[in-house]
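In what follows, a single structure is set out as structure tokens and then discussed.
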Amino acid sequence: MPWTPYRTDTLTEYSSKEDFIAGRPTTTYKLPHRVDGTGFVVYDGALFFNKERTRNIVKFDLRTRIKSGEAIIANANYHDTSPYRWGGKSDIDLAVDEIGLWVLYATETNNGRIVVSQLNPYTLRIEGSWDTTYDKRTASNAFMVCGVLYVVKTVYEDDDNEATGNKIDYMYSTTQSKETFVSIPFPNSYQYIAAVDYNPRDNLLYVWNNYHVVKYLLDFGNNDNRLGRCNSHLFSSSFFLS
């Protein structure tokens, strides 16, 4: 699992959880630009990230170690204009699920609310966009599963009150163009979530929370069929593993 802080120009890769804990990297990659935010992802042998101080997405080939593409996300707010609630230049967030590659961001046209766009990983062209009604600056983070956006809202350690609670409180289905307000408990043991990413290969959430890497198991209900149609609306709860 690769991990690196925001505003870096280096990606560090570990071959196993044990190597990560022991601080034994498999390899490091020097990136062509610094990164804004923590929303970068690895997909099909390439790293995708938000280039610092721009609304651009850069594709970096991990095999050849060269930049293989760059595209502008038109009208996207960037560099702490519309970040997640914790800040950190997290305006433009990339996500991966069973369907493909996504970019989550906000625009002034949509009044600072979250926009979901599907990004072609080879051409970097946007293949579809959906405007939501969720104010991005009030969200702690978000992730995609089977074409559905899930927005996470959590308490931070320096909050004056904890009235907001820790939960997933919004879903948006891109296949149905339909939003749903929900209240699904979301464990938050360390109270500073800075990244939430779904891995469709093992169906786990990987969360960076106050210097801790946390894995969450997702329960999609009895009718879920991973090899067939995604029944992501059956998401029911998350469980803290380690």
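Taken together, the values in this text are just the output of simple stated rules run on the coordinates, not laboratory data. Not measured: the values here are computed from a predicted model. A quick note on method: Cβ atoms are made from the backbone with ideal geometry, for glycine too, and the neighbour counts reach across all protein chains shown.
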The stretch 132-215: trypsin sites (Lys or Arg not before Pro) in DSSP loop, at most 14 other beta carbons within 10 Å = R201
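Using Cα-Cα distances under 8 Å and only pairs 6 or more residues apart, what relative contact order does the stretch 1-142 have, in percent?
On the way: 336 pairs, mean separation 22.0, N = 142.
That works out to 15 percent.
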Looks like the stretch 54-186, by Cα gyration tensor root eigenvalues a ≥ b ≥ c and the a/c under 1.5 rounded cutoff (else prolate when a/b is bigger than b/c, oblate otherwise), is prolate
Taking the dipole of the stretch 84-170 about the Cα centre (Lys, Arg +1; Asp, Glu -1; charges at Cβ), the one of F143, I92, T109 that reaches farthest to the positive side is T109
Enumerate the calculated ³J(HN,Hα) couplings along the stretch 17-31 in order (Karplus 6.51 cos²θ - 1.76 cosθ + 1.60, θ = phi - 60°), each rounded to whole Hz, writing x wherever the residue is Gly or Pro.
-> 4, 5, 5, 5, 5, 7, x, 10, x, 6, 6, 10, 10, 8, 8
With 31 Å as the limit, write out which pairs from K30/K167; K17/K167; K51/K136 have Cα-Cα distances beyond it, or answer none.
-> K30/K167
Within the chain, longest stretch clear of exposed chymotrypsin sites (Phe, Trp or Tyr not before Pro) (DSSP loop, no more than 13 other Cβ within 10 Å) = 1-121
Tell me what the chain gives for mean residue ellipticity at 222 nm when only DSSP H runs of n ≥ 4 count, each as -39,500 (n - 2.57), the sum divided by the residue total, rounded to 500 deg cm²/dmol.
-> -500 deg cm²/dmol
For the stretch 1-97, inverting the pair-averaged 1/r of distinct alpha-carbon atoms gives a Kirkwood value in Å of 13.8
Mind sorting T154, T175 by how few other Cβ atoms lie within 10 Å of their own Cβ, fewest first?
-> T175, T154
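Only Lys, Arg, Asp and Glu count, each charged at its Cβ (+1, +1, -1, -1), so figure out the dipole size of the chain about its Cα centre, rounded to 20 debye.
620
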Whole-Hz Karplus couplings 3J(HN,Hα) for the stretch 76-90, θ = phi - 60° and coefficients 6.51, -1.76, 1.60, Gly and Pro as x, run 5, 5, 8, 6, 6, 7, 9, x, 5, 4, 7, x, x, 6, 8
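For a quick check: sort I66, I184, I114 by the number of other beta carbons within 10 angstrom, fewest at the front.
Going from sparsest to densest Cβ surroundings: I66, I184, I114.
What do you get when you divide the Cα radius of gyration of the chain by 2.2 N^0.38 Å, with N the number of residues? Can you show the working numbers first?
Values: Rg = 16.9 Å, N = 242, 2.2 N^0.38 = 17.7 Å.
Computed over Cα atoms of the chain, the ratio equals 0.95.
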Starting from the Cα-Cα distance between H79 and T175, subtract it from 0.36 nm times their residue separation and give me the gain in nm to one decimal.
-> 31.6 nm
